1. Consider THR47 carefully, then state whether it is β-branched (Val, Ile, Thr), loosely packed, with under 10 Cβ neighbours inside 10 Å and within 47 Å of the chain's Cα centre (by Cα).
2. Can you name every residue in the range 218-244 that is surrounded by 13 or more Cβ atoms within 10 Å (Cβ to Cβ), assigned to a helix (DSSP H, G or I) and at pLDDT 90 or above?
3. Report the residue count in the range 174-206 for those that are farther than 19 Å from LYS240 by Cα and either surrounded by fewer than 16 Cβ atoms within 10 Å (Cβ to Cβ) or among the β-branched types (Val, Ile, Thr) (or both).
4. For the range 111-124, does any single residue satisfy the condition of being over 26 Å from the mean Cα position of the chain (by Cα), farther than 17 Å from MET221 by Cβ and surrounded by fewer than 19 Cβ atoms within 10 Å (Cβ to Cβ)?
5. Any residue at all in the range 85-99 that's modelled with pLDDT of 90 or more, within 26 Å of the chain's Cα centre (by Cα) and of a type in the set (Lys, Arg)?
6. Show the residue pairs that are 6+ apart or on different chains and have beta-carbon atoms under 6 Å apart, the first residue being within the range 104-126 and at pLDDT 80 or above, the second being among the polar types (S, T, N, Q).
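The values are calculated or read from the model by the stated rules, or taken from the named source; none is laboratory data. Note that the coordinates shown come from a computational prediction; the quantities given were computed from them, not determined experimentally. Quick reminder, even Gly has a Cβ in these numbers, built from the backbone with ideal geometry, and neighbours come from all protein chains shown.
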Amino acid sequence: MLVVETISKIRRWYFQEGRPIKRICRDLGVSRKTVRKVIRSGATEFTYERSVQPQPKLGPWREELDRMLAENAHRPKRERLTRIRIFEDLRAQGYEGGYDAVRRYAASWSKATSEASADAYVPLSFDPGEAFQFDWSHEVAVIDGVATTIKVAHVRLSHSRMVFVRAYPRETQEMVFDAHDKAFAFFGGACTRGIYDNMKTAVDTIFVGKDRAYNRRFQQMSGHYLFEPVACTPASGWEKGQVENQVGVMRRRLFVPRPKFKSLQS
């Protein structure tokens, strides 16, 4: 591979000093083909990138490594193994290669997996009765003379943009269920899908892509109202952008300046 300094000398000697190709080859110890390539291409730098990284020792272990990486990705974040630990486990099974090959392969696997999950999306146009979006916000109100943080449940119909807002003292699962019950009574029915973030009152485990393990009571609630829960990709709030926008709008309309109530029920 030619370095930039050598390319610069070839171009300078040929175009400025008028040296013949034969002399340039002799002085720099390069072939005529190389000198002609530099002169004709006009490039000042040549790079080479492998399209396929050879991994002779890792090859027979790719399937096992894929399994280990997928299993590790499904674990809770605090329990996930580092790449060096995965390498050590692979070595214990008989792998004789180095850590660097495992590290590079794990990095490319993670990148491909994240890109695959990013391709999954919630459509921005909705049919009537197709979906609603749910979210929580934390607001401050003066209740009985004391500034109090309250939790506000936001529900929004994705097609008609109809809004439902209800305040609660906490974000417990019972509050989630009550918010759905009151919202569906207000709307006059439920939709076929509900779009959520990965709130702990609904989701037990986050898998790759859109796969989730919902907790039993939340599944019972969604089964009762006959809607399918759909969780957003982590850190992808735009997938339920309508209700995210609603949080800001309702905050300015209802909680600025701070409202005053005798009690949460009033």
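1. yes
2. PHE218, GLN219, MET221, SER222, TYR225, GLN242, VAL243, GLU244
3. Number of matching residues: 10.
4. No, there is no match, as no residue in the range 111-124 is over 26 Å from the mean Cα position of the chain (by Cα), farther than 17 Å from MET221 by Cβ and surrounded by fewer than 19 Cβ atoms within 10 Å (Cβ to Cβ).
5. yes
6. As it stands, the answer is PHE126/SER158, since those pairs meet every condition given.
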